[in-house]
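K.L.:
Okay, handing you the structure first.
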Amino acid sequence: FPSVTLKTLDGKSVDVKTYLGKGNPVIVSFWATWCSPCKRELDAMSELYAEWKNKYGVELVAITIDDSRGLAKVPGIVKTKGWDFTILSDSNQELQQVLSFQTIPQTFLLDGAGNIIYDHSGYNAGDEFELEEKLKALKK
């Protein structure tokens with residue numbers, strides 16, 4: 001997974017690699033405030049997240065690609081929805097360009113070493129269960 005500096009919601013710069021390669025799987029999901037399927041996917045993952053954390057030790061990092069105007073809405077959405085995972089901002093879309101994808105939501109599953117082992121674009125109800133199957137396979 002590439003090393004790119006992103007921002008936390010309180011404006012601190014962090015390398016996305018800080019969250020990866022610590023021996024646990026990591027789900028990285030790209031989203032935006034204007035993307036309804038993105039929010040539905042994050043809601044679905046949010047419902048399962050506590051259980052996934054227990055079972056698989058997984059971390060979820062949601063990266064918004066909103067520009068500065070959209071970014072102002074992010075903290076309110078996160079609070080309203082009660083999302084209890086790491087939210088980062090790629091407002092210049094640097095990481096999106098390096099990973100070379102166009103469509104969001106774009107979700108990556110990384111193994112404990114930080115290697116991409118699965119990726120998926122778009123969202124249909126139930127996609128989170130396919131992701132859980134990938135997590136189960138990793139655990140074995």
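K.L.:
Around I63, which amide H atoms from residues at least 5 apart in sequence, or from another chain, sit under 5 Å from its own amide H, with H modelled in the peptide plane?
P.N.:
HN-HN under 5 Å from I63: S29, F30, W31, L88.
K.L.:
What residue among N24, N115, N124 shows peak mean-square fluctuation when the chain is described by a Gaussian network model with Cα springs under 10 Å?
P.N.:
N124
K.L.:
Compute the acute angle (0 to 90°) between the alpha-carbon long axis of helix 36-56 and the principal axis of greatest extent of the alpha-carbon atoms of the chain; round to the nearest 10°.
P.N.:
With rounding to tens, the tilt is 40 degrees.
K.L.:
A follow-up question, please. Given the -39500 (n - 2.57) contribution per DSSP H run of 4+ residues, what per-residue ellipticity at 222 nm results for the chain, rounded to the nearest 500 deg cm²/dmol? If you can, show how the numbers build up before the last one.
P.N.:
Working: 5 runs with 52 residues, N = 140.
For the chain, the value works out to -11000 deg cm²/dmol.
K.L.:
Still on this structure, I have one more. Quick check: pseudo-label points 7 Å beyond the Cα along Cα→Cβ at E130 and D10, how many nm apart are they?
P.N.:
The two pseudo-label positions are separated by 3.7 nm.
K.L.:
Moving on. Straight-line reach from K12: which lysines have Cα under 20 Å away, leaving out those fewer than 8 places along the same chain?
P.N.:
Partners within reach: K73, K79.
K.L.:
Among W34, W52, W83, which one moves the most in a GNM of the chain with springs linking Cα atoms closer than 10 Å?
P.N.:
Its mean-square fluctuation being the largest, the pick is W34.
K.L.:
Another question, then. I want the antiparallel fraction of DSSP beta bridges within the chain, as a percent rounded to 5. It would help to have the intermediate numbers written out before the result.
P.N.:
Values: 15 of 25 bridges.
Counting only bridges with both partners in the chain, antiparallel ones make up about 60 percent.
K.L.:
Let me ask another. Would you mind getting me the FRET efficiency between T80 and S121? Use the beta-carbon distance for r and R0 = 25 Å, nearest 0.05. The partial results should precede the final answer.
P.N.:
Values: r = 25 Å, r/R0 = 1.02.
Result of the calculation: an efficiency of 0.45.
K.L.:
Report the Cα-based extents of segment 67-123 along its three principal axes, largest first, to the nearest Å.
P.N.:
32, 24, 22
K.L.:
Could you tell me what percent of the accessible area of segment 50-110 is made up of carbon and sulfur, with a 1.4 Å probe and every protein chain present? Mind showing how you got there, number by number?
P.N.:
Numbers: 1330 of 3010 Å².
Of all accessible area on segment 50-110, carbon and sulfur atoms account for 44 percent.
K.L.:
On to the next question. Tell me the Kirkwood radius of segment 101-140: reciprocal of the mean inverse pair distance over distinct alpha-carbon atoms, in Å. Working shown, then result.
P.N.:
Numbers: mean 1/r = 0.0923 Å⁻¹.
Its Kirkwood hydrodynamic radius stands at 10.8 Å.
K.L.:
Among I63, I117, I87, which one shows the biggest mean-square fluctuation in a GNM of the chain, springs joining Cα atoms closer than 10 Å?
P.N.:
Sorting by GNM fluctuation, first place goes to I117.
K.L.:
Non-local amide H neighbours of I117 (under 5 Å, H modeled in plane, Pro and chain starts lacking H): which ones?
P.N.:
Under 5 Å from the amide H of I117: L109, L110, D111.
The values are calculated or read from the model by the stated rules, or taken from the named source; none is laboratory data. Here the structure is a predicted model, which means the values were calculated and not measured. Using ideal geometry, Cβ is built from the backbone for each residue, glycine included, and neighbour counts are taken over all protein chains shown. Protein only, heavy atoms only, side chains kept; ligands, DNA and RNA dropped before computing areas. Shrake-Rupley method; radii C 1.70, N 1.55, O 1.52, S 1.80 Å.
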